[in-house]
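Structure, as structure tokens:
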There are 2 protein chains.
Amino acid sequence: MARERQLSRRSLLGSTAALAGAATLTATTAGTAAAATTRDVDVAIVGGGLAGLTAARDLVAAGRTVVVLEARDRVGGRVVNLRLPDGGVTEGGGEFIGPTQDRIKALADSLGVATFATYNTGKNLLYKDGRKTPYATDGLLGSVPPVDVAGLANAAIVQASLDDMAKQVPVDAPWTAAKAAEWDKQTFESWLNANAVVPSAKFLLDVACTSIFSAEPRELSLLFVLFYIAAAGNASTPGTLERLTETANGAQELRFVGGSQRVPAGLAATLGDRVVLNAPVRTIARSGGTYVVTADGITVTAKRVVVAVPPPLAARIRYDPLLPAARDQLTQRLPMASVAKAIAIYDTPFWRADGLNGQVVSDTGVISSTFDNSPPDASYGALMGFIEADEARKLDAASEAEVRAAVLKDYVTYFGEKAASPSSFVLQRWNNEAYTRGGPVSIAAPGVLTQYGPALREPVGGIHWAGTETSVHWMGFMDGAVRSGERVAKEVLAVL
Amino acid sequence: MARERQLSRRSLLGSTAALAGAATLTATTAGTAAAATTRDVDVAIVGGGLAGLTAARDLVAAGRTVVVLEARDRVGGRVVNLRLPDGGVTEGGGEFIGPTQDRIKALADSLGVATFATYNTGKNLLYKDGRKTPYATDGLLGSVPPVDVAGLANAAIVQASLDDMAKQVPVDAPWTAAKAAEWDKQTFESWLNANAVVPSAKFLLDVACTSIFSAEPRELSLLFVLFYIAAAGNASTPGTLERLTETANGAQELRFVGGSQRVPAGLAATLGDRVVLNAPVRTIARSGGTYVVTADGITVTAKRVVVAVPPPLAARIRYDPLLPAARDQLTQRLPMASVAKAIAIYDTPFWRADGLNGQVVSDTGVISSTFDNSPPDASYGALMGFIEADEARKLDAASEAEVRAAVLKDYVTYFGEKAASPSSFVLQRWNNEAYTRGGPVSIAAPGVLTQYGPALREPVGGIHWAGTETSVHWMGFMDGAVRSGERVAKEVLAVL
């Protein structure tokens, strides 16, 4: 099993110059806060991730003036390239794309950023009850780990049930599903306890849950899980759980040559000095018919504002006049999940010679799912693992050395002693990032979608909302971010 | 059934001068932000509610210098007096106290604020299935509404079960309960569905839940509910559900003569110009061994900082260095519940002549529980009702006239045509208040306490946390706020 991500930057590599393949960022870095203290534009966009940048692109194409205010010293938000000490690049955030993720694919194509297949040759590895079991992913079960037959049967029924229920959830208004009230009053854990009754089936679903959401089943509303599954498709192809978890034909199918941040960086380059870095937005105030957006080092006057940051961060901006209660309380109820990414670099992807594809599903350790994150030419090997939910929280206050030791212990367990001595090791700890404070995306506990869902996208006066959390397709993914930018640009153009 | 509250101010009555019985506030109003732009003290306290003011009192008594930075133009936070158009005062926030609430009682005693019994003579009223049933509260069932026998029996078992489970929850560390994991993985709704199987029993528990938490059972972790019950006592008397819901011998037993805000106002008066109003805190930055706390109009340098505001508002302050992930993510996961208070004023408490005590439990309408909020001399009548949870959210965007109409419709249903024409009507809408954004207190969904509970009180460097949400006894009540202030003062004095 696997998963696709929307993440961001490594704290140790803060400067834009540190970004690998950063040539395309040159135009962007010209737009520093010091260069301009006030601007007057049609639309001020808060957040220079894929959502904000896509909105800017479409608004500019329609002849509107914009400024994108980005808090960090780089664009990309939860999508970030990390330079490796010995050269090369790896990804600290969202990196995979897959079928039906049409909008991120179209955007990358337009920028000349090519894709390549996620390494998926050889066998997956199940580590369970202290035993390693390699298994082929092209057999009858696809990539479902070979637990006991009763567990497999139970898991198949559970998966089919989830997909069936997800089909009953309108992606643009999950709260209108006929059974929305019933599904939004219980945790995913409660539902799994009643349905994934075979322990090994529960194990499979638990791993799927933490892999997809970086959250434990107890943290999630069943309705939110069903919405997320339903959203894992496009307008013509309904979402399925399998599309979320698979590599081949799933959300982890492809990667970007040169690293995923090349997409937002390339997009930012086309926007030039419309993108202002190091400009965290503090207040959004209406003044007559216009808005005054105040960021560190720059104040922008605009007719409309697009807020394209995650809901819990949007809550930390001061709004004048106050936001309606529904919107404010929504942002109190969509916390970021908990995740870190750990990438160990080796001279070669040595596991390939052992017939392994680098993908692990494990019932123990701090890392319960991994990927081969090596570059397309395999000039070096990269093992990438997610530290998620409870495991991420346990390590939030640990030193990088402690995290490294815990991660490498797991990698040795899965791949042998060669894994003990990487040439380098990089860690992206999203919970500790000022401008994300968790990841990959917001999650919803019971009661949130049915009571507050409509406030996700409902504009407040001239303030419009974007970001992957607002997308009706591929919410939580790079594709959802791009879709949200396209949607919000249309929304603004309709009234501006 | 009934309940006690920690709430705050009416937006229409913003000025301190508008506060009834405001003589004691004179000293406080002298301490305006304009009078001092910088201060250097031992302890900066963020928030001038009961928690912050109590902490200030104890620190001053120990010889430390303090400043209390209050965002509003009044002290009291979620405790506020509302002046009535024709004279007199009513309460928009926390107003009741009861047995084992020793610390708020001691504080009020020390300030000379007397208590009187909440009006409780005559019969309660059950409105259910379109029928009104008055019932005595001194019978075998106490104040339990007379639903069918099967429902009463079921509700009694459920109540006993909750109390039994609550006894297994250590109030200072609910996450260490032997069954914490089991109880924190499900919603209270899921547990009720399995245990309150008779519909009328479920009705009783639902009303108890919204009355206590202003939240629906689906929004709450079972463990959080059990903790809240366990906390409804003191060090020698374990909490019970009944103590939360009762008037006589319960949390709604007594009120304060002159209105509950006289307590924080009196306390603020003793602190003089140490209290600074209109000073919302924006940043808390460590600079070497000291902290710089920046509020609108004033900057304070301090050795220690006490943050005494609700967690979701504490999240909106900028911290430098960043808070640990555990603390930040905790504040993303403790949203304010949803509540408003509606008080209709009549020439007389006319329901008393009908043998009613003004307390209603209803299965319909925007108001499902009411109190006789008349002054001790009954010189006029006041019917107070809570608009809670889903009902509050439905009305958040409604005009005051619309809310008034909906409330009076309910009051007429319960108390007859005389209720249709109050002499005045006041509304306190906590969800719409900038410096509360919901109420009465924070709530926890499944998974929060077990993963983030320890971060509730754990100091971060020189930053300490207070507020009723941090109290181990009477969390959610005025008493908890006072206890938290006393605890945090001890905590600071131990290191300062």
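Every number in this text was worked out from the coordinates using simple rules, so none of it is lab data. Because the structure is a prediction, the values reported are computed rather than measured. Note that we place each Cβ from the backbone using ideal geometry, even for glycine, and neighbour counts take in every protein chain shown.
Among B:M384, B:M475, the order by Cβ neighbours within 10 angstrom, fewest to most, reads B:M384, B:M475.
Around A:R393, what is the net charge, scoring Lys/Arg as +1 and Asp/Glu as -1 over all other residues with Cβ under 12 Å from its Cβ?
Numbers: positive: A:K394, A:R429, B:R327, B:R333; negative: A:E216, A:E219, A:E388, A:D390, A:E391, A:D396, B:D328.
Spelling it out: positives minus negatives among the neighbours equals -3.
Expressed in Å, the radius of gyration and Dmax of the Cα atoms of the protein assembly as shown are 28.5, 90.
Decide, for chain B, between rounded, prolate and oblate: order the square roots of the alpha carbon gyration tensor eigenvalues as a ≥ b ≥ c, take rounded if a/c falls under 1.5, and otherwise choose prolate if a/b is larger than b/c, else oblate.
Details: a/c = 1.93, a/b = 1.31, b/c = 1.47.
Oblate is the answer for chain B, as a/c is 1.5 or above yet b/c matches or exceeds a/b.
Database remark: amide H of B:D40 closer than 5 angstrom to the amide H of B:T301 (H placed geometrically; neighbours at sequence offset of 5 or more, or on other chains; Pro and chain starts carry no H).
If one takes the longest principal axis of the Cα atoms in chain A, at what angle in degrees, from 0 to 90 and to the nearest 10, does the Cα axis of helix A:199-213 lie? Taking the Cα atoms of chain A, the angle to A:199-213 is about 30 degrees. Using the Cβ of B:A494 as centre and a radius below 14 Å, the other residues enclosed give a net charge of +2, where K and R count +1 and D and E count -1. Axis of helix B:50-61 versus longest Cα principal axis of chain B: the two differ by about 40°, to the nearest ten degrees. Placing a label point 7 Å from Cα along the Cα-to-Cβ direction at B:E417 gives distances to the equivalent points in the other copies of 9.5 nm, listed shortest first.
Averaged over every viewing direction, what's the projected area of the C-alpha convex hull for region A:42-120? Give it in nm², one decimal, please. Please report the intermediate quantities before stating the final value.
Details: hull surface 27.5 nm².
Over all viewing directions, region A:42-120 projects a mean Cα-hull area of 6.9 nm².
Per-residue Cβ counts within 10 Å, from other chains only, averaged over B:391-401: what number is that? Spell out each step's value before the answer.
Details: counts 0, 2, 5, 1, 1, 6, 3, 0, 0, 0, 0.
Per-residue shielding by partner chains comes out at 2.
Across identical copies of the chain, B:N249 has label-point separations of 6.7 nm, listed in ascending order, with the point defined 7 angstrom from Cα along Cα→Cβ.
Can you give the Kirkwood hydrodynamic radius of region A:148-250 from its Cα pairs, in Å with one decimal? Spell out each step's value before the answer.
Working: mean 1/r = 0.0732 Å⁻¹.
The answer is 13.7 Å.
Here the dipole of region B:270-359 is about 440 debye; that uses its Cα centre as origin and unit charges on the Cβ of Lys and Arg (positive) and Asp and Glu (negative). Between helix A:149-167 and chain A there is an angle of about 20 degrees, using the helix long axis and the longest principal axis of the Cα atoms.
Helix-only mean residue ellipticity at 222 nm, chain B, DSSP H runs n ≥ 4 weighted -39,500 (n - 2.57), per residue, nearest 500. What is it? Write down the numbers at each step before the final one.
On the way: 16 runs with 153 residues, N = 496.
Taken over chain B, the calculation gives -9000 deg cm²/dmol.
Peptide A:431-440 has a mean shielding of 3, counted as Cβ atoms of other protein chains within 10 Å of each residue's Cβ. Within region A:49-124, none of the trypsin sites (Lys or Arg not before Pro) combine a DSSP coil assignment with at most 15 other C-beta atoms in a 10 angstrom radius.
Overall, region B:148-250 carries a charge dipole of about 120 debye about its Cα centre when +1 sits on the Cβ of Lys and Arg and -1 on the Cβ of Asp and Glu, all other atoms neutral.
For the rotation carrying A onto B, the chain A residue whose Cβ lies nearest the axis, with the distance in whole Å, reads A:A445, 2. With a cut-off of 14 Å between beta carbons, the residues surrounding B:T364 carry a summed charge of -2, where Lys and Arg count +1 and Asp and Glu -1. The count of lysine pairs in chain B whose Cα atoms are under 24 Å apart, excluding pairs fewer than 8 places apart on the same chain, comes to 28.
Provide the convex hull volume over Cα atoms per residue for region A:219-321, in Å³.
197
Selection among B:T436, B:Q451, A:L271 by position relative to the dipole of the protein assembly as shown gives A:L271 as farthest towards the positive end (Cβ unit charges, Cα centre). With Cα atoms as the point set, region B:351-496 shows a radius of gyration and Dmax of 19.9, 61 Å.
Between copies, the label points at B:K179 (set 7 angstrom from Cα along Cα-to-Cβ) are spaced 2.8 nm, reported in nanometres from shortest to longest.
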